């Protein structure tokens, strides 16, 4: 009997899925046969050549998850879910200058508070 190496038990499922790769321009349908918070087993109707990383969408759960291949065969693959990358927002130059100015103002106010509290 094989030893279970997964950290999370996978629950049997029969969910339609779709993987997207190549900047989401290429897609492929699959069947999600079991799933856990950490990964899933995917089944394909024909032999499939998969990239190492892709986005797995499960419409019935309204989920889209970054995944990477843990193992694969011709028509099946085990995937591990990856944590999403933090969102990086672009800050305008004007906003960066305003933040800098406010930080300088806060430092000056703190310095003045320290001076006044030391004079008592």
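Bear in mind these aren't lab numbers, they're just calculated from the coordinates by the rules spelled out. This one's a predicted model, so the numbers in the text were calculated from it and none came from an experiment. FYI the Cβ positions are ideal-geometry reconstructions off the backbone, even for glycines, and counts take in every protein chain you see.
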- Quick one: angle between helix 93-119 and the longest Cα principal axis of the chain, in degrees between 0 and 90, rounded to 10, please. 50 degrees
- Stick to the Cα atoms of region 15-76, pair each with every other, and give me the Kirkwood hydrodynamic radius in Å at one decimal. 11.6 Å
- At 222 nm, what helix-only mean residue ellipticity would the chain give, in deg cm²/dmol to the nearest 500, using -39500 (n - 2.57) for each DSSP H run of four or more? -8000 deg cm²/dmol
- Message: Please compute the modelled spin-label separation between residue 114 and residue 95, points set 7 Å along Cα→Cβ, answer in nm with one decimal.
- Response: 3.1 nm
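Can you figure out the FRET efficiency of residue 43 with residue 22, using R₀ = 25 Å and their beta-carbon distance, to the nearest 0.05?
Values: r = 22 Å, r/R0 = 0.86.
That pair, residue 43 with residue 22, gives E of 0.70.
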